[in-house]
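Beneath this line is the structure, given in structure tokens, with notes to follow.
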Amino acid sequence: MSQLNVNIPSAGADRYTIHIGSGLLGSVPAQLEKDFSGLSKFVVTDSNVVAAGHLARLLGKAQVGTYIIDPPGEGSKHIDTVVSIIEAMEKASLGRDTLIIALGGGTVGDIAGFAAAIFKRGVKVAQIPTTTVSQADSSVGGKTGVDSTISKNAYGAFRQPQVVYIDVETLKTLDDRQYRSGLVESVKHALIADDEYFDYLKKNMPAILDRDCDVLEQVAYTNCRIKAAVVAADPTEQNKRRILNFGHTIGHAVESASKFSLLHGEAVAIGIIGAELIAQKMGFAAPDRLKRIQEALSMLSVPLKIPKGLQKEDLFDIIKRDKKAVNQWPKFVLLDKIGHVYFKDGQWAHDVGQQIVDETLDRLYL
Ligand SMILES: NC(=O)c1ccc[n+]([C@@H]2O[C@H](COP(=O)([O-])OP(=O)(O)OC[C@H]3O[C@@H](n4cnc5c(N)ncnc54)[C@H](O)[C@@H]3O)[C@@H](O)[C@H]2O)c1
Ligand SMILES: [Zn+2]
């Protein structure tokens with residue numbers, strides 16, 4: 001089992017450990033009892049995670065109050081679910097001395113983290129991610145929230161976890177499409193921060209797709225190391241944290257225009273190719289770079305082109321409404337080489353003309 005300590009320097013209390021291993025789930029309650037002995041524990045999970053046996057593996061014989069989100073997934077990531085969780089905790093007479101344990105994917109982590117941020121003005125949360133997205137990305141960094149009827153993550157708060165437990169064995173029950181799509185965030189981490197990790201991912205992709213736990217532990221460790229370093233440098237996204245948005249500007253537009261028929265990681269894969277085409281156009285991409293990135297993403301069998309049914313005008317409209325847009329046009333995170341983001345004039349995200357984006361979208365269609 002490996003262990004990673006995360007320090008968020010701007011806030012003294014925000015120091016936590018990420019424990020990574022395979023089959024560690026059953027040992028978590030005893031460890032939490034030891035480390036958070038005075039706190040009542042309350043688990044938030046979802047019905048797929050329960051059906052896959054992970055709640056039973058976590059709790060064993062321990063009696064812990066539990067809220068099961070049903071139906072699972074993005075459709076339940078709204079404020080009513082948070083209200084129900086908070087009322088369930090009140091009915092269980094829980095107070096400020098509560099530790100919420102989020103067991104599940106990114107939706108469970110985001111919902112439970114947000115409930116923790118606002119219940120009785122804030123209680124502690126432990127994250128136990130069970131998907132490739134949440135183990136690589138959402139469980140670390142402290143962003144929590146739920147969607148409104150108008151936009152994603154409209155309600156939200158920063159709430160760093162007290163501790164994260166990553167059990168890579170939980171990934172064995174994850175649906176294949178979800179599994180592969182979530183790995184796009186690992187490729188993204190490699191592209192923005194670590195060229196050796198990029199080579200490692202390519203070389204070990206067969207083992208990763210086989211869900212080999214030893215390799216998955218290494219992957220989880222490297223993802224968390226990269227994400228934690230970026231978050232520690234910029235916890236509330238003033239500047240450097242934007243590099244995590246690589247591939248997400250076009251990616252979010254494609255995801256949203258597809259009405260979420262494309263999974264997040266699938267849309268981000270298209271967005272990464274889009275960012276690469278832009279970098280090429282602006283003259284700072286070595287000729288073989290796009291091919292190397294396409295090869296890595298192709299190993300995940302994710303789409304690399306925009307499906308024909310999506311209208312370019314819709315994509316443009318959504319890009320203009322990007323939450324990071326200023327004067328109706330966002331800045332773009334671009335690579336200057338594999339493993340490094342282009343940085344100029346103190347900025348990690350850059351102006352790209354609408355004409356270039358227009359041509360890029362044309363090139364991205366099937
Ligand atoms: N907070 C952040 O920094 C951050 C970062 C990235 C993504 N997110 C959010 O994360 C969400 C997406 O996360 P996700 O892809 O993990 O989605 P998810 O939580 O909806 O999980 C995907 C599906 O897999 C099921 N599942 C989860 N674990 C399982 C397991 N081990 N075995 C079998 N089934 C399992 C879930 O029930 C669900 O149906 C989005 O809402 C996104 O906005 C947040
Ligand atoms: Zn993402």
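If you bin all the Cα-Cα distances of region 240-364 at 10 Å, starting from zero, the percentages per bin are 13, 49, 34, 4. Counting only alpha carbon atoms, the long axis of helix 79-91 and the longest principal axis of the chain meet at about 10°. When the chain is described by a simple charge dipole with +1 on each Lys and Arg Cβ and -1 on each Asp and Glu Cβ, the residue from G122, Q160, V43 located farthest towards its positive end is G122. Annotation: for a label point projected 7 angstrom from Cα along Cα→Cβ of A325, residues of region 336-359 with backbone N closer than 17 Å are 350-359. When peptides 197-204, 287-294 are sorted by average Cβ neighbour count within 10 Å, with the highest value leading, the order is 197-204, 287-294. The mean sequence distance of close C-alpha pairs (under 8 Å, at least 6 residues apart), as a share of the length of the chain, puts its relative contact order at 15 percent. Expressed per residue, the C-alpha convex hull volume of region 201-307 stands at 132 Å³.
Under a model in which nothing but the beta-carbon of Lys, Arg (+1) and Asp, Glu (-1) is charged, the chain shows a dipole of about 460 debye around its Cα centre.
Neighbour counting of Cβ atoms within 10 Å sorts the residues C213, C224, fewest neighbours leading, into C213, C224. Derived scalar couplings between HN and Hα for region 326-334 equal 10, 6, 6, 8, x, 8, 10, 8, 10 Hz in order, rounded to whole Hz, by the Karplus curve 6.51 cos²θ - 1.76 cosθ + 1.60 (θ = phi - 60°), x for Gly and Pro.
The residues H340, H252, when put in order of fewest to most other Cβ atoms within 10 Å, stand as H340, H252.
Label sites at K337 and K120, each approximated as a point 7 angstrom past Cα along Cα to Cβ, lie 5.3 nm apart.
For the chain, adding -39500 (n - 2.57) for each run of n ≥ 4 DSSP H residues and dividing by the number of residues yields -13000 deg cm²/dmol at 222 nm. Looking only at region 281-313, which residues have a backbone nitrogen under 12 Å from a spot 7 Å from the Cα of Y365 in the C-beta direction? Only 306-313 pass the distance filter. Modelled spin-label separation between A51 and D35, with each label point placed 7 Å from Cα along the Cα-to-Cβ direction: 3.1 nm. Pairs of alpha-carbon atoms within less than 8 angstrom and 6+ residues apart define the contacts here; what relative contact order does region 236-335 have, in percent? Reported relative contact order: 34 percent.
Placing unit charges on each Cβ (+1 for Lys and Arg, -1 for Asp and Glu) gives region 240-364 a dipole about its Cα centre, and among G247, L304, T360 the Cα reaching farthest toward its positive end belongs to G247. Bridge orientation summary for the chain: considering DSSP beta bridges with both residues in this region, about 40 percent are antiparallel. You can think of it this way: the chain between F284 and I79 has 69.4 nm of extra reach, that is 0.36 nm per residue less the Cα-Cα gap. Annotation: peptides 138-147, 312-321, ranked by per-residue average of other Cβ atoms within 10 Å with the highest first, follow the order 138-147, 312-321.
Find the Cα radius of gyration of the chain, compare it with 2.2 N^0.38 Å by division, and give the number to two decimals. Walk me through the numbers before you get to the answer.
Numbers: Rg = 20.0 Å, N = 366, 2.2 N^0.38 = 20.7 Å.
Compactness ratio reported: 0.97.
Note on D97 and K308: their simple-model spin labels are 6.5 nm apart, each label 7 Å out from Cα toward Cβ.
Any read-out appearing in this document is the output of simple, stated calculations on the displayed coordinates, not a laboratory observation. As the structure is a computational prediction, the values presented were derived from the model and not from experiment. Methodologically, a virtual Cβ is constructed for each residue, glycine included, from the backbone with ideal geometry; neighbour enumeration extends over all protein chains shown.
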